[in-house]
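See below for the structure under consideration.
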Amino acid sequence: MKRIAVLTSGGDAPGMNAAIRAVARTGIDRGWEVLGIKHGYTGLLSGTMALLGARDVGGILQQGGTILGSARCPAFTTQEGREAALRTLHQHDIEALLVIGGNGSQTGAHALAQMGFPVVGVASTIDNDLYGSEITIGVDTALNVALEAIDRLKVTASSHQRAFLIEVMGRECGYLA
């Protein structure tokens, strides 16, 4: 293997940049070229990518979000879209793809794998709703941030003799709640 690519897709989650950094530095250590695909599957379809060097991923651990960006991509849900993605991967001599993301992202990764392309999925979602994953990248940080905010709101509610209604993310999974 000589050239791989990594993308982040769907909602961002704490730890995505750490995963990007790990992919890039591990690939570089093995002598591979590592391309970062910008804006998820949308960037894959348009060929928006750049070589990732060690300096490109230095200092990103503390940054929130994802340095590669993310976007929803309805075109990728079609057979034509996935075939176009495969053409882009082959045009750029990419031999394997790493997909960092949640349910929709991993569904796309699985679809590419079913078409015969080597794909590695990295579970990253604050929803913690990926089948086969005990805990996903981002969920622990999201839980702790929510707990800290709730603790602060509890004090304020008590001070004013009020009750607050708090809603947390989590889609159809009640893990954070």
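The values are calculated or read from the model by the stated rules, or taken from the named source; none is laboratory data. Quantities reported herein were computed from a predicted structural model and do not represent experimental measurements. Quick reminder, even Gly has a Cβ in these numbers, built from the backbone with ideal geometry, and neighbours come from all protein chains shown. Surface accessibility is based on the protein's heavy atoms, side chains included, excluding ligands, DNA and RNA. Shrake-Rupley method; radii C 1.70, N 1.55, O 1.52, S 1.80 Å.
Of all residue pairs spaced 6 or more apart or on separate chains, those with beta-carbon atoms under 8 Å, a first member in the range 54-82 that is assigned to a loop (DSSP other than H, G, I, E, B) and a second member that is polar (S, T, N, Q) and open to solvent by 40 Å² or more (accessible area, probe 1.4 Å) are A71/T42; R72/T42; C73/T42. Of the residues making up the range 120-146, those that are assigned to a loop (DSSP other than H, G, I, E, B) and farther than 19 Å from Q63 by Cα are D127, N128, D129, L130, Y131, G132, S133, E134, I135. Residue count for the range 67-83, restricted to those that are surrounded by 16 or more Cβ atoms within 10 Å (Cβ to Cβ) and either closer than 13 Å to L35 by Cβ or of a type outside the set (V, I, T) (or both): 7.
Residues in the range 15-29: is at least one of a type in the set (A, V, I, L, M, F, W, C), out of contact with any Cys (no Cβ under 9 Å at 6 or more places or on another chain), without any contact (Cβ under 8 Å) to a residue 24 or more places away in the chain and open to solvent by 30 Å² or more (accessible area, probe 1.4 Å)? Yes: the range 15-29 contains one or more residues that are of a type in the set (A, V, I, L, M, F, W, C), out of contact with any Cys (no Cβ under 9 Å at 6 or more places or on another chain), without any contact (Cβ under 8 Å) to a residue 24 or more places away in the chain and open to solvent by 30 Å² or more (accessible area, probe 1.4 Å).
Of the residues in the range 157-170, not one is in contact (Cβ under 8 Å) with a residue 40 or more places away in the chain, among the aliphatic types (A, V, I, L, M) and closer than 27 Å to G27 by Cβ. For the range 30-44, a residue qualifies if it is open to solvent by 50 Å² or more (accessible area, probe 1.4 Å) and either among the aromatic types (F, W, Y) or in a helix (DSSP H, G or I) (or both), and the qualifying residues are W32, T42.
V99 meets all of the listed conditions (1) closer than 19 Å to S70 by Cβ; (2) touching a helix residue (DSSP H, G or I) at 6+ places or on another chain (Cβ under 6 Å); (3) of a type outside the set (D, E); (4) surrounded by fewer than 16 Cβ atoms within 10 Å (Cβ to Cβ) but one, namely (4).
Scanning the range 120-135 for residues that are modelled with pLDDT of 95 or more and open to solvent by less than 40 Å² (accessible area, probe 1.4 Å) yields V122, A123, S124. If you go through the range 136-161 and keep only what is open to solvent by 50 Å² or more (accessible area, probe 1.4 Å) and in contact with a Ser or Thr (Cβ under 8 Å, 6 or more places away or on another chain), you end up with just I137.
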